[in-house]
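Only the coordinates and a few stated rules stand behind these numbers; no lab work does. Please read all numbers here as calculations on a predicted model, not as lab measurements. All Cβ positions, even for glycine, are placed from backbone atoms using ideal geometry, and neighbour counts span all protein chains on display.
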Amino acid sequence: MKRLAFVVVLLSLATAPALAIGPDVGFGAHANFTVSNIPGPSIAGAAQLSDAYGMGIGGGAHLDVGLIGFGLRFSVDYMHYPVDQDKFRSYYEQIFGAAVSQMSIEGGGLTIVSATVNGKMPILPLPIVTPYLIGGGGLAWVTSEEATTSIAGVPGKTFPSVSQSGKWTASLGAGVDIKVGITIFAEVKYAWIFTDGENSTFVPITVGVTF
C-alpha cells in the first residue's frame with residue numbers, strides 16, 4: 001500500500017506543473033504483445049512452467065504530458081500469458097517420454113497488472129515522424145493461476161496459484177510517434193519486474209493511439 005501511495009504522489013507532483021503551463025496533454029489506449037522469462041513453479045528435473053507460456057497479449061490506457069523537449073507517459077497495463085499446450089509437451093518430454101503426446105494442462109495462465117511512469121525523450125523531432133527514447137518504472141502485480149496436468153485424462157501434477165503484489169518494475173526502450181491529427185505510436189522496451197527470488201524480464205511491443 002505504501003508503494004502504491006508513493007506512485008500516486010509521484011504522478012500528482014509530476015503532472016501538476018505540466019497541466020498548469022499548457023494544454024499539451026493527451027489520453028490514449030494501446031495494445032501490448034510480448035514474450036517473457038517469468039519465473040514459475042517447476043517439476044523436479046525439468047524446465048519451469050514459465051517455459052511453456054505462450055505469447056502475452058494485453059492492453060492499457062495512458063496519459064501523455066508534453067513538456068519542453070521532454071514528455072511523461074503515465075500508463076496502466078494488463079497482460080495475460082496463456083499456457084501453450086505444444087510448448088508444454090515439448091519442455092516436459094524429458095520426464096514423460098512418449099506419453100507426453102497424451103498430456104495436457106488446464107489453467108496455469110499468468111497475469112501482470114502494472115502502473116508505471118515513463119519519461120519520453122525525442123531524439124529526432126520531425127514534423128510528422130518523431131523517434132524517441134523511453135524509460136521509467138513503477139509497480140507490478142503478478143499472478144499465476146492454478147494449473148493441473150493430466151495424462152490420457154488422468155489428473156497428474158498440480159501447480160498452485162502464486163501471486164506477488166506491488167513489485168518494483170523498470171523498463172527502457174525506444175519508439176516512434178506518427179502525428180496525423182492524432183498520434184499513432186509504436187515502441188519496444190526491455191522490462192524488469194523485481195519478483196522474489198529470480199527477477200522477471202519481458203520485452204513488450206506496444207502499439208497505440210493518443211488523442
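Before moving on, here are some points about what is shown:
- Label-point separation, ILE57 to PHE27 (7 Å along Cα→Cβ), nm: 2.7
- Structural size metrics of segment 65-208, computed from C-alpha coordinates, are Rg and Dmax of 20.1, 63 Å.
- Contour minus Cα-Cα distance for TRP168 and ILE205 (0.36 nm per residue): 11.3 nm
- For segment 62-211: relative contact order, % (alpha-carbon pairs under 8 angstrom, 6 or more apart): 18
- Packing, as the average of other Cβ atoms within 10 Å across residues, places the peptides 143-149, 84-90 in the order 143-149, 84-90, highest first.
- Note on SER104/ILE68: beta-carbon distance plugged into 1/(1 + (r/R0)^6) with R0 of 45 Å gives a FRET efficiency of 0.20.
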